[in-house]
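Below is one structure, written out as structure tokens, with a few remarks after it.
The values are calculated or read from the model by the stated rules, or taken from the named source; none is laboratory data. This is a predicted model, so every value here is computed, not measured. FYI the Cβ positions are ideal-geometry reconstructions off the backbone, even for glycines, and counts take in every protein chain you see.
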Amino acid sequence: MNIRKAKGTDAEALKVLYFEHLTRFSPQEEQDMSLWMNKLSKFEKDENMYLLVLEANDKVVASVQMAIIESLTHNVRPFAVVENVVTHADYRNRGYASALLTKATEIAKEKGCYKMSLETGSNKESTLNFYRKNGFEIDTKHSCLKRI
């Protein structure tokens, strides 16, 4: 098992994870993979953007995205926002998503974040229990969404 920042060459593997294994994410049009590769290359260099992948048997099988947001509150400490926690269905229940969330938490602590929030579109009790098990509190703050 290896956890690292995603790179441009991971675009196809991430497309499979997002389109086939991430609930509620379905593309409306064909994806321009050169745009994905370009964006991933930018993420790889960005000190405040983490698209982490977990490899098992040299295959990307899980991913989590985290952004570090600079802030003037909490003694000018940043905060972290996590989204798109996904594991390939054939690799679930092996602790991979938990390992990614642990790594994300370590990075957030290293960056001096005062909190880490996680966004999920799932209301499934099993999913919410998974996040609880990984140290997240459910419904302590409301998330409001405006699609633009």
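Things worth noting here:
- Taken together, the criteria exclude Arg132 from residues that are assigned to a loop (DSSP other than H, G, I, E, B), of a type in the set (Lys, Arg) and surrounded by 11 or more Cβ atoms within 10 Å (Cβ to Cβ).
- Among the conditions (1) in a helix (DSSP H, G or I); (2) touching a residue at least 24 places away in the same chain (Cβ under 8 Å), Glu106 misses just one, which is (2).
- Residues (β-branched (Val, Ile, Thr) and buried (at least 19 other Cβ atoms within 10 Å of the Cβ)) located in segment 77-108: Val82, Val85, Val86, Thr87
Residue-by-condition table, conditions (1) out of contact with any Lys or Arg (no Cβ under 6 Å at 6 or more places or on another chain); (2) farther than 16 Å from Leu100 by Cα; (3) surrounded by fewer than 19 Cβ atoms within 10 Å (Cβ to Cβ); (4) hydroxyl-bearing (Ser, Thr, Tyr):
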| residue | (1), (2), (3), (4) |
| --- | --- |
| Leu17 | yes, no, no, no |
| Leu35 | yes, yes, yes, no |
| Ser41 | yes, yes, yes, yes |
| Val61 | yes, no, no, no |
| Val64 | yes, no, no, no |
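- Any chance Lys146 is at pLDDT below 95 and out of contact with any Ser or Thr (no Cβ under 6 Å at 6 or more places or on another chain): yes
- Sole residue being among the hydroxyl-bearing types (Ser, Thr, Tyr) and either assigned to a helix (DSSP H, G or I) or within 14 Å of Ala6 (Cα to Cα) (or both), chosen from Tyr50, Tyr114: Tyr50
- Given (1) at pLDDT 95 or above; (2) of a type in the set (Lys, Arg); (3) in a helix (DSSP H, G or I), index of the condition Arg94 fails: (3)
- Among the residues making up segment 114-143, a single one is touching a residue at least 60 places away in the same chain (Cβ under 8 Å) and farther than 18 Å from Ala67 by Cβ: Ser122.
- If you filter segment 43-78 down to residues that are closer than 29 Å to Ala89 by Cβ, charged (D, E, K, R) and over 16 Å from the mean Cα position of the chain (by Cα), you find that the one that is modelled with the lowest pLDDT is Asp58.
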